[in-house]
Amino acid sequence: MRLLLTGGTVFRDGGFQPLEVAVFEGRIVSVSPSLPREGAAVVELNHFLLVPGFVDVHVHLREPGFSYKETVASGTAAAAAGGYTALCAMPNVKPVPDGLESLGMELEAIKRDAAVRVYPYGAITRGEQGEVLADMEALAPHVPGFSDDGRGVQSEEMMRRAMVRAKKLDRPIVAHCEDESLLAKGWCVHDGVFARAHGLPGNDPASEWRQVERDIRLVRETGCRYHICHISTKESVALVREAKREGLPVTCETGPHYLCLCDEDLEDDGCFKMNPPIRSAADRDALVAGLLDGTVDCIATDHAPHAAAEKAKGLRGSLNGVVGLECAFPVLYTELVKTGKVPLETILNALCVNPRRIFDLPGGKIEEGQPADLTVLDLDHVGTVDPAGFRSLGRATPFAGRRVEAAVSMTFVDGSIVFPEGLEPSVNGAVGIVRGYDRRSGGEL
């Protein structure tokens, strides 16, 4: 059945155009100001915005091994509701995907239950222990890159060897940068205003940027493609900016909470506990500046669900990690675009285009022959971030209760509607109409 998306604005070639999009057998077959309706199921976009599906290059789906926190099914349902059509899943599951056998268990769950595309990372080291390299040669054909996320690779020689091997395999190293020798015992927040006011042990920003500095030096030596996870400090931004000026193959991501919050916004609540921590206003502003000038390539949620009891012990006792898939775009649009800090095009490039370029993932353009992985956005929606309605098993977000002025209306993967669930276009005689989902009324427009 041919699908026709009409009546909306399309994000294409870096701008916004009033176009119609035809989809058949999972691919975009035509993009034009006017397309024939005969024999098509017509999706009326009601002046909403049609964009390439979002990609999150940093999520934790927790399966296998920790399904009480999240599953592939629940995590990818959350992704679809948030407008994401592709995810890169971090390897801190059990067993760690450090060889084909352990990766196979993760791939089986993905094939069985995923509602969107999922690309699992392989580990850099066996068990993410930093001591012996993983079977990178066997993993390489099946993964977008290698990461030990959750732990920095402490040994410089081990990281050098990993980069040399990754370079030969043409896969990036995706680095969680954290020098454990610089961490205060029991740290729970950024070493800044909030920590001092409340007598809490703080996380020194040098624990991040010193390892970024080390690894960029190793990139200069090895030529390895290198992507830095969740940068949070102004020093990291400066280091990446200089590496790019030098022409090194260095990219990075940051998260919505680092772009929109600072440690002055903290509360003694597990919903504000993550690693790296939310840092100072100066760090936040440097990250926004980095997003604007292209230093920061991607916005990734670091979606890290935990059970409610694991997040109920305040800043000192809760586990690190917050969820973000279902509220990322509304928050980013409200806090950055509506306030005039960041153009919408910049946000969309960081969510839709750059992640695919960096990790060689399909899609990212609304043009003929591309996969029909698409997201429909309502930029006139007014609502509140309500974790009780999340599809994710995790509920901990620092944005709970925040007023937002945008929503994801519909998500397509391979031309099929994966959000809202159960909504199917059909041909009624010559033309059928499926109207955009309206969260204000909870049903069809």
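Grouping the Cα pair distances of the range 157-202 into 10 Å bins from zero gives a pair-distance distribution of 23, 31, 19, 21, 7 percent in increasing distance order. From largest to smallest, the equivalent ellipsoid semi-axes obtained for the range 257-319 from the alpha-carbon gyration tensor read 25, 14, 6 Å.
For ILE278, the residues whose modelled amide H falls within less than 5 Å of its own, excluding neighbours fewer than 5 places apart on the same chain, are HIS190. Taking all Cα pairs closer than 8 Å and separated by 6 or more residues, the relative contact order of the range 81-124 comes to 57 percent.
The residues of the chain have, on average, 37 Å² of accessible surface per residue, using a 1.4 Å probe with all protein chains present. The protection proxy used here, the mean number of other Cβ atoms lying within 10 Å of each residue, ranks peptides 100-110, 287-297 as follows, highest first: 287-297, 100-110.
Filter the trypsin sites (Lys or Arg not before Pro) in the range 226-315 to those in DSSP coil with at most 13 other Cβ atoms within 10 Å of their Cβ, and list the result. In loop regions of the range 226-315 (DSSP not H, G, I, E or B), the sparsely surrounded trypsin sites (Lys or Arg not before Pro) are LYS313. Helix 206-222 and the longest principal axis of the C-alpha atoms of the chain enclose an angle of approximately 80°. Against the main long axis of the alpha-carbon atoms of the chain, helix 234-245 sits at an angle near 70°. Sequentially through the range 177-187, phi angles give Karplus couplings (6.51, -1.76, 1.60; θ = phi - 60°) of 9, 7, 8, 5, 6, 9, 8, 6, 4, x, 3 Hz, Gly and Pro residues having no value and appearing as x. For the range 28-149, the dipole from Cβ point charges (+1 on Lys and Arg, -1 on Asp and Glu) about the Cα centre works out to 420 debye, to the nearest 20. A Cβ-based charge dipole, computed about the Cα centre of the range 83-211 with Lys and Arg at +1 and Asp and Glu at -1, lands at about 240 debye.
Using +1 at the Cβ of each Lys and Arg and -1 at the Cβ of each Asp and Glu in the chain, identify which of GLY15, THR222, TYR119 lies farthest towards the dipole's positive end. In the chain, that residue is THR222.
Placing +1 on the Cβ of every Lys and Arg and -1 on the Cβ of every Asp and Glu, with nothing else charged, gives the chain a dipole about its Cα centre of roughly 140 debye.
Please report the carbon-and-sulfur percent of the accessible area for the chain; probe 1.4 Å, protein heavy atoms only, DNA, RNA and ligands left out. Of all accessible area on the chain, carbon and sulfur atoms account for 49 percent. When the charge dipole of the chain is built from unit charges on Cβ atoms (+1 for Lys and Arg, -1 for Asp and Glu) and taken about the Cα centre, the candidate among GLY324, LEU35, GLY364 whose Cα reaches farthest toward its positive end is GLY364.
On the principal axes of its alpha carbon atoms, the range 105-228 extends 49, 40, 22 Å, with the longest extent given first.
Applying the Karplus relation 6.51 cos²θ - 1.76 cosθ + 1.60 with θ = phi - 60° to the range 11-26 yields 3J(HN,Hα) values of 7, 8, 6, x, x, 10, 9, x, 10, 9, 10, 9, 10, 8, 6, x Hz, where x marks Gly and Pro. The calculated Kirkwood hydrodynamic radius for the chain is 22.1 Å, given to one decimal from all distinct C-alpha pairs. In this structure, the amide hydrogen of CYS252, modeled 1.01 Å from its nitrogen in the peptide plane, lies closer than 5 angstrom to those of ILE228, ASP297, CYS298, counting only residues at least 5 positions away or on a different chain. Quick one: of LYS94/LYS167; LYS185/LYS313; LYS273/LYS338; LYS311/LYS365; LYS94/LYS244; LYS167/LYS244, which pairs are farther than 29 Å apart, Cα to Cα? Violating the 29 Å limit, Cα to Cα: LYS311/LYS365; LYS94/LYS244.
In angstrom, the C-alpha Rg and Dmax of the range 12-51 are 10.7, 31. In this structure the amide hydrogen of GLY65, modeled in the peptide plane, comes within under 5 Å of the amide hydrogens of LYS94, none closer than 5 places in sequence on its chain. Projecting the Cα atoms of ALA73, GLY152, THR301 onto the charge dipole of the chain (Cβ charges, centred on the Cα centre) puts GLY152 farthest toward the positive pole.
Between the Cα long axis of helix 72-81 and the first principal axis of the chain there is an angle of about 60°, rounded to the nearest 10.
When all alpha-carbon pairs of the range 1-112 are counted, what percent fall beyond 18 Å? Considering the range 1-112, 61 percent of its Cα-Cα pairs are separated by more than 18 Å.
Here the range 44-93 is treated as a sphere whose radius is the Kirkwood value from Cα pairs; by Stokes-Einstein at 10 °C and 1.306 mPa s it diffuses with a coefficient of 133 µm²/s. Using C-alpha pairs below 8 Å separated by at least 6 residues, the relative contact order for the chain is 20 percent.
Across the range 167-232, the relative contact order, built from alpha-carbon pairs under 8 Å that are at least six residues apart, equals 45 percent. Centroid-to-centroid, using Cα positions, the range 129-181 and the range 374-405 are 34 Å apart.
Run lengths n ≥ 4 of DSSP H only: what is the helix-derived mean residue ellipticity at 222 nm for the chain, with -39500 (n - 2.57) per run over all residues, to the nearest 500?
Computed ellipticity for the chain at 222 nm equals -7000 deg cm²/dmol.
Please work out the ratio of the alpha-carbon Rg of the range 199-340 to 2.2 N^0.38 Å and round it to two decimals. The reported ratio for this selection is 1.08.
The values are calculated or read from the model by the stated rules, or taken from the named source; none is laboratory data. Treat the numbers as computed from the prediction; the structure is a model and nothing was measured. So basically every Cβ, Gly included, is an ideal-geometry build from the backbone, and we count neighbours across all protein chains shown. These accessible areas exclude ligands, DNA and RNA; they are computed on the full protein's heavy atoms, side chains included. Shrake-Rupley method; radii C 1.70, N 1.55, O 1.52, S 1.80 Å.
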